[in-house]
Amino acid sequence: MDNQAWARVTAEFERQRQNNEQEEARRRQEIARKLPALDQLMEERHSMILRAVRGAFADPAMRDAEAMMEGYNKKINAALTAAGYPADYLAPVCRCPVCRDEGYVYENAVRKPCACFMRAYNEMLSEAGQSAQGAETFSAFDENRFPDAPLPGTDVTQREYMRVVRDRCRQYAANVPNGNMKTLLLHGGSGLGKTFLLNCVGNDAKERGVDTLYVTAYDLLMALKNAYFSRTGETAQEYFDAQLLLIDDLGMEPLMENITVEQFYHLFNARLTKGLYTTVSTNLNREEIKNRYTERVSSRLLDTRTGMAIPFKGKDIRLMK
C-alpha cells in the first residue's frame, strides 16, 4: 500500500464531507429565507426527532413516532416540489450513498474501505503519474497533462505556467539543505499538481541524503495534540528535527480551539529558528490562510524573506479526460 496516496485520499474524503456540510447548510439557509413555512416544518420535525431520542415515547403524542416522521417527510417533500425544488433538496448531501462519503463501511462489525474509496485510491496512484517504481519525481512530471490554453486574463497557458512552477520547485529542492529559502508554500485549488510537486521536492532531497519526513496536516495535528497532552512521555520531536518536513493538505485538519493554531505556530516558528526546511501544500488561498491560522502562523508561511509561496492556477486536471 502507498501510505502517502492512502493519506491523500483520506484527506480528500474529509474535504468532501466538509463541502457536503457546507452545501447542506447553504440549502437550509436558502429555504429558511425563501420558504419560512417550510423551515418551520423542518424545525418541528427536528424537535420531534430529539424528543424520540430522549426517550419521550411515554408521551402519548410520541407513540407513533415513525408515522409522524413519515407525515413530516411527505409535507416537506410536497412543499419543496411545489416551490420548484427537487424533493430531496434538503436530504443529506453525499456522492456515495453507500458510505455517505465516510470512505468506510461495516460488514459484520468489521470496518473496511468502501468501494468508492478504493476506486479513488487506485485513481490517485494512476493519475499521480507514478513510474513503475512509484516515484514522484521532477523527471516524471508530465506538463502535457495540463491544458495548453491561456489562464483567465492572461496570454500564458496553464501548461506554460506549470512548467515555471515545476522549475521553481526544483530550484527550491536543489538548495535544500543549504539555501536561504526555508519554506515553500504550494497553494491553490484541487487537482492542480500541488501534492505531486510536494513529493517531487521530497524525493529529490531524499535522493541526496537529506533527512525527509512526509505527513498530512491532519496526522500532524493529531501527533502534536497527543504529544501536548501526553502523560506517558509521548513526543512529536521528529517533526521539529527533520531537515525537510513535507506537510500535505494544510487546512483539512480540524480547527481545535487553543490547539491547532498554537501547535502549528510552535512548530513552524521552531523550524525557522533552527534553519530547517518546510514544504506545505494547501487548497486555501493566502487570505484564507490568514483568516484560519491568524497572522502569527501565516507570517511564517508567507514571509518572502524566508520562503516563497507559489499559487497554482487553472483547471482541475482530474476532471479532464
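The values are calculated or read from the model by the stated rules, or taken from the named source; none is laboratory data. These numbers come from a predicted model, not from an experiment. Heads up, the Cβs are rebuilt from the backbone with ideal geometry, glycines too, and the neighbour counts pull from every protein chain shown. Remember, those area values only see protein heavy atoms, side chains included, never the ligands or the DNA or RNA. Shrake-Rupley method; radii C 1.70, N 1.55, O 1.52, S 1.80 Å.
For the reader, a short list of remarks on this structure follows.
- Taken over the range 160-180, the residue count meeting the criterion of being in contact with a helix residue (DSSP H, G or I) (Cβ under 6 Å, 6 or more places away or on another chain) and open to solvent by 50 Å² or more (accessible area, probe 1.4 Å) is 2.
- Test: residue in the range 34-41 that is assigned to a helix (DSSP H, G or I), open to solvent by less than 50 Å² (accessible area, probe 1.4 Å), aliphatic (A, V, I, L, M) and under 30 Å from residue 122 (Cα atoms): no
- Cβ pairs under 9 Å, 6+ apart, first in the range 177-195 and of a type in the set (D, E, K, R), second in a helix (DSSP H, G or I): 182/271; 182/272
- Meeting the requirement of 2 or more residues that are modelled with pLDDT under 90, of a type in the set (D, E, K, R) and open to solvent by less than 10 Å² (accessible area, probe 1.4 Å), no strands (runs of 3 or more DSSP E) wholly within the range 209-321 can be named.
- Meets criteria (among the β-branched types (Val, Ile, Thr) and in contact (Cβ under 8 Å) with a residue 12 or more places away in the chain) for residue 273: no
- Residue 269 meets each of the listed conditions (1) touching a Pro at 6+ places or on another chain (Cβ under 7 Å); (2) under 23 Å from residue 179 (Cα atoms) apart from (1).
- The set of residues from the range 18-33 being open to solvent by less than 80 Å² (accessible area, probe 1.4 Å) and more than 26 Å from residue 102 (Cβ to Cβ) comprises just one member, 32.
- Selection from the range 1-17 of residues that are part of a helix (DSSP H, G or I), open to solvent by 40 Å² or more (accessible area, probe 1.4 Å) and either over 16 Å from residue 202 (Cβ atoms) or at pLDDT 85 or above (or both): 6, 10, 12, 14, 17
- Every pair of residues 6+ apart whose Cβ atoms lie under 8 Å, when the first sits in the range 216-234 and is more than 10 Å from residue 264 (Cα to Cα) while the second is open to solvent by 80 Å² or more (accessible area, probe 1.4 Å) and at pLDDT below 85: 226/234; 227/234; 227/235
- Among the residues of the range 138-159, those identified as closer than 26 Å to residue 245 by Cα and open to solvent by less than 60 Å² (accessible area, probe 1.4 Å) are 138, 140, 141, 143.
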